[in-house]
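**Q** Structure in structure tokens, see below.
The values are calculated or read from the model by the stated rules, or taken from the named source; none is laboratory data. This one's a predicted model, so the numbers in the text were calculated from it and none came from an experiment. Ideal geometry is used to build each Cβ from the backbone, glycine not excepted, and the neighbour counts take in all protein chains shown.
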Amino acid sequence: MRFDLHVHTTVSPCSNLDIGDILQNARDFGLDGICITDHQTMEIRHCFKEGVQDDGLCVIVGMEYTTSDGDFLVFGPLEDISPDLSAVELFELLEKCGGVAVAAHPFRTLMPVDEYLIQEGLCSIIETVNGRNSYLENLRADSCCRKYDLTHTGGSDAHSLEELGKVVTRFTMPVKSRSDLVFALKNNRCYPEWNMPGQLSYHGLVFLNPPILGSGWLGHAFKCLNPLF
Ligand SMILES: [Zn+2]
Ligand SMILES: [Zn+2]
């Protein structure tokens, strides 16, 4: 099942992506599911019935939670979460309530996640493909994932309809509810993929974006090393 795990609606002040447009277009974009991750709020849950919709699209409500040590996509019973937790407090709360966190764009230059959270084993799931990251930011996240043997996800970080579904997380088990999603993430039943023509989708190499690599030395090195080319 292919989910866009990182989507902002107009409830986030920075997004112009309407929930109606998401629900209407997601299936046509090849998606089986969407996670709404507005900044610091799950208010969007009042606008539709969470779960599987009439057209088969599964819509789950989470949140992108900002701490001074980075941003996290969080899923679980977090409707009333206090807005100013530290990252360590956030992980303690998730442990208690049975929720889960994914480090969002952990190596983005402007909003990185502090690596000690990964080194200390507090955070074991990271977004290695983010539709708004640069190639190098995704590449750094992928090498971190390999170094610490983490679970990895992908999401478009869409703030407009054009961005929706650009990057997805493929789940290797059925996900039909928020609890299915939490289970699948905690049990490493997923991996990221690009969902755009011309972009490589291959487990383990999804962070690479051949059109961006081009014909320069990096593209050449990639093609020499990659048996798929
Ligand atoms: Zn935003
Ligand atoms: Zn975001």
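**Q** If Leu110 satisfies every condition in (1) at pLDDT below 95; (2) more than 16 Å from ligand 2 (Cβ to nearest atom) but one, which is the exception?
**A** With respect to (1) at pLDDT below 95; (2) more than 16 Å from ligand 2 (Cβ to nearest atom), Leu110 is out only on (2).
**Q** Looking at (1) of a type outside the set (Gly, Ala, Ser); (2) more than 16 Å from ligand 1 (Cβ to nearest atom); (3) out of contact with any helix residue (DSSP H, G or I) (no Cβ under 6 Å at 6 or more places or on another chain); (4) touching a residue at least 24 places away in the same chain (Cβ under 8 Å), can you tell me which one Cys145 breaks?
**A** (4)
**Q** Test Ile22 against the criterion of being within 16 Å of ligand 1 (Cβ to nearest atom), in a helix (DSSP H, G or I) and farther than 18 Å from Gly131 by Cβ, and give yes or no.
**A** For Ile22, the condition - within 16 Å of ligand 1 (Cβ to nearest atom), in a helix (DSSP H, G or I) and farther than 18 Å from Gly131 by Cβ - is not met.
**Q** When only residues in region 83-126 that are among the charged types (D, E, K, R) and touching a strand residue (DSSP E or B) at 6+ places or on another chain (Cβ under 9 Å) count, which is nearest to Ser156 (Cα to Cα)?
**A** Arg108
**Q** Now a separate question. Name the residues in region 53-110 that are hydroxyl-bearing (Ser, Thr, Tyr) and either in contact (Cβ under 8 Å) with a residue 60 or more places away in the chain or buried (at least 21 other Cβ atoms within 10 Å of the Cβ) (or both), would you?
**A** Tyr65
**Q** Turning to a different aspect of this structure: Any residue in region 27-46 that is more than 17 Å from the chain's Cα centre (by Cα), part of a loop (DSSP other than H, G, I, E, B) and buried (at least 18 other Cβ atoms within 10 Å of the Cβ)?
**A** no
**Q** Could you go through region 73-96 and let me know if any residue there is within 16 Å of ligand 1 (Cβ to nearest atom) and under 17 Å from the mean Cα position of the chain (by Cα).
**A** yes
**Q** Looking at region 47-67, which of the residues that are of a type in the set (A, V, I, L, M, F, W, C) and not in a strand (DSSP E or B) is nearest to ligand 1 (Cβ to nearest atom)?
**A** Across region 47-67, the extreme among qualifying residues is Cys47.
**Q** Quickly run through region 174-191 and pick out the residues that are under 15 Å from Cys58 (Cα atoms) and in contact (Cβ under 8 Å) with a residue 40 or more places away in the chain.
**A** Within region 174-191, Pro174, Val175, Lys176, Ser177, Arg178, Leu181, Val182 meet the criteria.
**Q** Then there's this: Collect the residues in region 1-19 that are under 16 Å from the mean Cα position of the chain (by Cα) and either more than 16 Å from ligand 2 (Cβ to nearest atom) or part of a loop (DSSP other than H, G, I, E, B) (or both), keeping them in residue-number order.
**A** Met1, Arg2, His8, Thr9
**Q** Kindly list the number of the only condition in (1) of a type in the set (A, V, I, L, M, F, W, C); (2) within 16 Å of ligand 2 (Cβ to nearest atom); (3) under 18 Å from Ser160 (Cα atoms) that fails for Val59.
**A** Going through (1) of a type in the set (A, V, I, L, M, F, W, C); (2) within 16 Å of ligand 2 (Cβ to nearest atom); (3) under 18 Å from Ser160 (Cα atoms) one by one, Val59 breaks only (2).
**Q** Scanning for something of a type in the set (Gly, Ala, Ser) and more than 22 Å from Val61 (Cβ to Cβ), does region 158-173 turn up at least one residue?
**A** no
**Q** Sticking with this one: So, in region 113-146, how many residues would count as being assigned to a loop (DSSP other than H, G, I, E, B) and within 14 Å of ligand 2 (Cβ to nearest atom)?
**A** Selection size over region 113-146: 4.
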